[in-house]
Each structure stands twice: as structure tokens, then as C-alpha cells.
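Trainee: This structure is in C-alpha cells; I'll ask about it shortly.
Each reported figure results from applying straightforward, stated rules to the coordinates on display, with no laboratory input. This one's a predicted model, so the numbers in the text were calculated from it and none came from an experiment. Here Cβ is always computed from backbone atoms with ideal geometry, including for glycine, and neighbour counts include all displayed protein chains.
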Amino acid sequence: MTEVIRSAAALREKVTTWKRSGMLVGVVPTMGALHDGHLSLARAARGQSDRVIVTIFVNPMQFNNPEDLKKYPRDEARDLALLKADGVDVLFAPGPEEVYPRGFASTVSVTGVSAPMEGAFRPGHFDGVATVVTKLFGMTQAGRAFFGEKDWQQLQVVRRLVTDLNIPIRVIGCPTIREEDGLAMSSRNVRLTEQERSVAPALHRAMQAAAEAIRAGAPVAAALAEARDAVLRAGFAEIEYLDFRDAETLEPLDRPGPPARLLAAAMLGAVRLIDNIAV
Ligand code: AMP
């Protein structure tokens with residue numbers, strides 16, 4: 001049975017009872033419109049904690065584009081059915097006034113890892129993420145938090161803030177779940193037209209080819225240029241970035257060495273897709 005809780009006070013009461021009996025609480029923060037990627041996090045949480053809270057909150061503070069916020073898919077009834085089937089204990093779905101009550105005036109801002117890529121193309125995005133994640137950690141008092149590698153930069157930002165602010169929670173990164181053709185699952189994929197959907201896997205394909213080329217010793221700049229060409233040729237409208245970077249610091253790399261990742265964001269029609277893979 002999945003209980004739906006909307007207030008921080010009611011959640012605190014529930015979690016306090018759990019923790020009194022020594023239970024380990026896991027949290028999976030999401031914005032809803034759940035897919036197998038989200039559910040894989042809930043399953044990881046189930047396997048590694050005694051009680052699981054999935055949060056659904058479409059956080060206005062992390063949207064830099066009002067149109068994107070307005071069009072963000074929402075279907076709580078369907079989400080709840082999926083969470084029930086997965087044995088999640090609590091769906092925490094607060095409204096915006098619960099999270100940002102009158103007078104709210106604080107921002108959590110992470111520098112460094114949040115600056116390039118998503119930070120550069122979506123100004124203010126990571127302040128919104130860092131602030132809401134800090135609040136969700138406080139509201140849920142969870143001991144473990146599960147995040148997808150799909151949002152690799154976000155995962156590094158969250159790790160940074162948990163370390164820097166001494167938040168007593170363990171952050172666990174979980175692998176990206178993909179469609180059969182390689183497209184990373186995303187709530188935004190439902191906004192692709194049929195034609196765009198058939199083009200979408202080209203991003204992951206091009207990144208895989210670049211990763212292979214770099215592993216085989218090709219110059220990084222040439223491999224990236226070839227991948228960018230391939231993505232545009234396939235029908236993407238624009239590439240915001242397609243970079244080769246240190247997996248942890250997210251500093252650009254011009255040759256392989258430390259653990260590295262390819263990370264990309266590109267526009268397909270009106271939909272912005274992101275992806276990343278290990279090299
Ligand atoms: P979102 O609802 O998009 O904010 O995502 C909520 C959480 O699910 C984040 O930790 C994401 O990284 C994770 N997530 C989203 N898509 C995937 C996916 N395809 N595979 C694994 N995790 C994902």
C-alpha cells in the first residue's frame with residue numbers, strides 16, 4: 001500500500017515512527033511522469049532500505065524556461081499506480097506552497113561542477129535543484145538517496161552539496177535505463193513526434209561511436225566533431241554541448257586518462273534531450 005502524503009509535517013511524523021524502530025529510509029526524488037528509469041531507482045531503494053519514499057514535485061525553481069515548466073508532463077494517478085505495483089511505502093507529493101511558503105528566501109548554490117554544460121545553458125537550474133534537494137533531504141530525513149546517472153552532472157552537484165553541507169545521507173547513483181534502440185528514457189520523450197522519436201536514438205549512437213573512437217586512440221577533438229556532425233545530419237536542430245570531460249570534476253579533457261564521460265544536450269524539434277556515457 002502506497003500512502004500519499006502532501007505535508008512536510010505529516011511526513012515527519014511518519015518517518016519519525018520508522019526511525020524510532022531503527023528503519024533505514026531511502027528516498028527517490030522525481031518530477032513525476034514516471035518511467036522505467038524512475039522505477040529502477042525505486043527498486044534500488046527497495047533493495048537497500050527498509051522504507052522507501054518517492055517524491056514527486058515539479059520544482060518551478062529549477063525551470064529556466066516557463067514554457068518547459070508549463071508543458072512538463074503530469075499524471076499523478078498513473079504514477080501512484082506504478083509506485084503501488086512497486087511496493088513503494090510513501091509518495092510524497094507536496095504542492096508548491098508547501099515547498100516554497102510565503103517568505104521563503106533561501107537558496108543553495110553549488111559552484112564548480114554546476115558551472116558548465118547544464119549550468120551554462122540553463123542559468124539558475126542547479127540552484128533550483130540544489131535548493132529543492134536539500135529541502136527534500138531535510139523533509140524526508142532519509143539515510144539514502146537514489147539518483148540516476150542519466151543526469152550525470154546533477155548527480156555530481158548533489159554529491160558535492162551533501163559533502164559540503166555535512167548532510168547525513170548516502171547518495172547512490174544508478175545506471176541509465178534506455179529504450180531498446182538506445183534512447184535514454186526521459187519524461188520529456190512523450191513530447192517527441194513520431195518522426196522525431198525515430199531520429200532521437202542518433203544522439204546515443206553518435207556518442208557511442210565517439211567513445212569507441214576515443215578508446216581506440218582517435219584525437220578527442222576529431223571524435224567529438226564527427227559525433228556533432230552525425231547528430232545534426234540525423235535531424236537534430238541544434239547541439240548545445242557534446243563534451244568529453246572528467247567524470248567527477250567535469251573539467252574538459254583533451255585526452256583519455258582519468259575516468260571520463262561524454263555528455264551532451266541537443267534540441268530535437270522543441271524537445272531538449274540530454275545523455276551521457278562512460279568512456
Ligand atoms: P526527473 O523526474 O527527470 O527529475 O528524474 C528523477 C530521477 O530519475 C533523477 O535522479 C534522474 O536522474 C532519474 N532518471 C531519469 N531518467 C532516468 C533513466 N532513463 N535512467 C535512470 N534514471 C533516470
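Trainee: Rg and Dmax of the stretch 166-269 over Cα atoms: what are they, in angstrom?
Mentor: 15.2, 47
Trainee: What does the convex hull of the alpha-carbon atoms of the stretch 60-112 project to on average, in nm²?
Mentor: Across all orientations, the stretch 60-112 yields a mean hull projection of 5.9 nm².
Trainee: From the convex hull of the Cα coordinates of the stretch 123-169, what is the mean projected area in square nanometres?
Mentor: Mean projected area of the Cα convex hull: 3.2 nm².
Trainee: Would you list, by chain and number, the lysines whose Cα falls below 22 Å from the Cα of residue 14, excluding same-chain residues fewer than 8 positions away?
Mentor: Excluding near neighbours in sequence, the set is 84, 135.
Trainee: Could you work out Rg/(2.2 N^0.38 Å) for the stretch 176-228, with Rg from alpha carbons only?
Mentor: 1.31
Trainee: So, one more: Over all alpha-carbon pairs of the stretch 117-215, lay out the pair-distance distribution in 5 Å bins, whole %, shortest bin first.
Mentor: Answer for the stretch 117-215: a P(r) of 2, 10, 16, 19, 18, 14, 11, 7, 2, 0 percent.
Trainee: Taking the convex hull of the alpha carbon atoms in the stretch 1-47, what volume per residue do you get, in Å³?
Mentor: About 97 Å³ per residue, rounded to a whole number.
Trainee: Please report, in Å, the Rg and the Dmax of the chain, where both are computed over Cα atoms only.
Mentor: When restricted to the Cα atoms of the chain, Rg and Dmax are 19.1, 58 Å.
Trainee: Hey, what number do you get for the chain at 222 nm if only DSSP H runs of n ≥ 4 count, each worth -39500 (n - 2.57), divided across all residues, to the nearest 500?
Mentor: About -12000 deg cm²/dmol.
Trainee: What ranking do 28, 157, 279 get, fewest neighbouring Cβ atoms within 10 angstrom at the top?
Mentor: So the ranking, lowest neighbour count to highest, is 279, 157, 28.
Trainee: Another one. Along the stretch 244-250, what does the Karplus equation 6.51 cos²θ - 1.76 cosθ + 1.60 (θ = phi - 60°) give for ³J(HN,Hα), rounded to whole Hz, x for Gly and Pro?
Mentor: 10, 9, 4, 5, 9, 7, 6
Trainee: Principal axis lengths of the stretch 21-138 from Cα atoms, whole Å, largest first?
Mentor: On the principal axes, the stretch 21-138 reaches 38, 33, 32 Å in Cα extent.
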